[in-house]
Amino acid sequence: MSEQPLGLSHAVYFTLKTPTPENRAALIASCRKYLSGQPGLVHFSAGERGTNYQRPVNDQQFDVALTVVFATEADHDAYQQSPDHLQFIAENSPTWAQVRVFDALVEV
């Protein structure tokens, strides 16, 4: 098996200060508006926590999940400083009680 280049999976879990359905929907819409068209993006998804999943291993301490996968670490690093990403943070960070970020090198 040949070795494939590694991309970067950037998973972000947002806990909202006021987790109403409207606020969750607004954050998801903002993710789509600002973050879905980034250069080097090979996967984008944003959505609400699956409340039907109540197994002991399921983390219940977030409201909205964002997963973006970039072709390269350099693409991810550029995304971190992109005007769209910075605007997303500026507009939405006042609504966040907590943000957890999980970055992993993955095959793309």
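Considering every residue within region 77-92, establish whether at least one is surrounded by 11 or more Cβ atoms within 10 Å (Cβ to Cβ), out of contact with any Pro (no Cβ under 9 Å at 6 or more places or on another chain), more than 17 Å from GLY37 (Cα to Cα) and not polar (S, T, N, Q). Yes - at least one qualifying residue is present in region 77-92. Looking across region 1-34, the residues that are farther than 25 Å from THR72 by Cβ, surrounded by fewer than 18 Cβ atoms within 10 Å (Cβ to Cβ) and among the charged types (D, E, K, R) come down to LYS17, GLU22. A search for C-beta distances below 6 Å between a residue of region 57-82 that is closer than 13 Å to ASP103 by Cβ and any residue that is hydroxyl-bearing (Ser, Thr, Tyr) and buried (at least 18 other Cβ atoms within 10 Å of the Cβ), counting only pairs 6+ apart in sequence or on different chains, returns VAL69/SER9.
Laboratory data are not the source of any read-out in this text; all were calculated from the coordinates shown. As the structure is a computational prediction, the values presented were derived from the model and not from experiment. All Cβ positions, glycine included, derive from the backbone under ideal geometry; neighbour counts span all protein chains shown.
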